[in-house]
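The values are calculated or read from the model by the stated rules, or taken from the named source; none is laboratory data. Since the model is a prediction, treat every value here as computed from it, not as a measurement. Here the Cβ positions follow ideal geometry from the backbone for every residue, glycine too, while neighbour counts run over all protein chains shown.
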């Protein structure tokens, strides 16, 4: 799964890495650890405009939802069942790049998870990278404001991540740099399920 990321890079370096500019640069704040359950605005690039970076809420709220309580269950979306889950089936072709320079996972050291080892995970060869995401627009019925929100797409864990995420054995779909445009263009999402992967390295922290 992927509930905590890192994005501590300089704004200018992010823009250079993705050849895109922030729409609201004042809204970006480098952070060593971002908790998905804070539902805070997060930098993404959508298929609507790959030249701009927008701030969207982590935790997808489908357009038909009566309120946003569902977001606590939609931080991640399993790639194997995207078109089966009501929360995601209308967003399978609404693609985004979720920007990060690391993500965190915890390895259980005992059967009940009372002892855990935290790891920072990064790809080889990408200082700043993109996780595959899907997004949605929802209108808040109370404020009438449009809310753009997203989920990070996950897949079966590779060999490294199966050892670290040794309970559910999942990992986010981390895109190869050359495949960012393919993801945004609506290429068949099943093609990005494991064994699609990039080489990862993990640092115990």
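For every residue, the table says whether it meets (1) surrounded by 18 or more Cβ atoms within 10 Å (Cβ to Cβ); (2) in contact with a helix residue (DSSP H, G or I) (Cβ under 8 Å, 6 or more places away or on another chain).
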site	(1), (2)
62	yes, yes
67	no, no
73	no, no
86	no, no
92	no, yes
102	yes, no
105	yes, yes
110	no, no
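Would you please name the residue that is farthest from the chain's Cα centre (by Cα), looking only at residues in segment 180-199 that are surrounded by 15 or more Cβ atoms within 10 Å (Cβ to Cβ) and in a helix (DSSP H, G or I)? Restricting to residues being surrounded by 15 or more Cβ atoms within 10 Å (Cβ to Cβ) and in a helix (DSSP H, G or I), the top hit is 182.
Checking 139, 112, 145 one by one, the residue that is closer than 24 Å to residue 70 by Cα and free of Cβ contacts under 8 Å to residues at least 40 places away in the same chain is 145 and no other. Given the structure, is residue 147 outside any strand (DSSP E or B) and touching a strand residue (DSSP E or B) at 6+ places or on another chain (Cβ under 7 Å)? Spelling it out, it is not the case that residue 147 is outside any strand (DSSP E or B) and touching a strand residue (DSSP E or B) at 6+ places or on another chain (Cβ under 7 Å).
Among the residues making up segment 139-179, those that are touching a helix residue (DSSP H, G or I) at 6+ places or on another chain (Cβ under 6 Å), crowded, with 19+ Cβ neighbours inside 10 Å and under 24 Å from residue 86 (Cα atoms) are 153, 155, 171, 173.
A count restricted to segment 79-118 and to residues that are modelled with pLDDT of 95 or more, more than 25 Å from residue 188 (Cα to Cα) and not in a strand (DSSP E or B) stands at 1. Return the total of residues in segment 9-30 being loosely packed, with under 14 Cβ neighbours inside 10 Å and within 26 Å of residue 119 (Cα to Cα). The number of residues fulfilling the criteria is 4. Scanning segment 112-128 for residues that are closer than 23 Å to residue 163 by Cα, surrounded by fewer than 23 Cβ atoms within 10 Å (Cβ to Cβ) and under 14 Å from the mean Cα position of the chain (by Cα) yields a single hit, 122.
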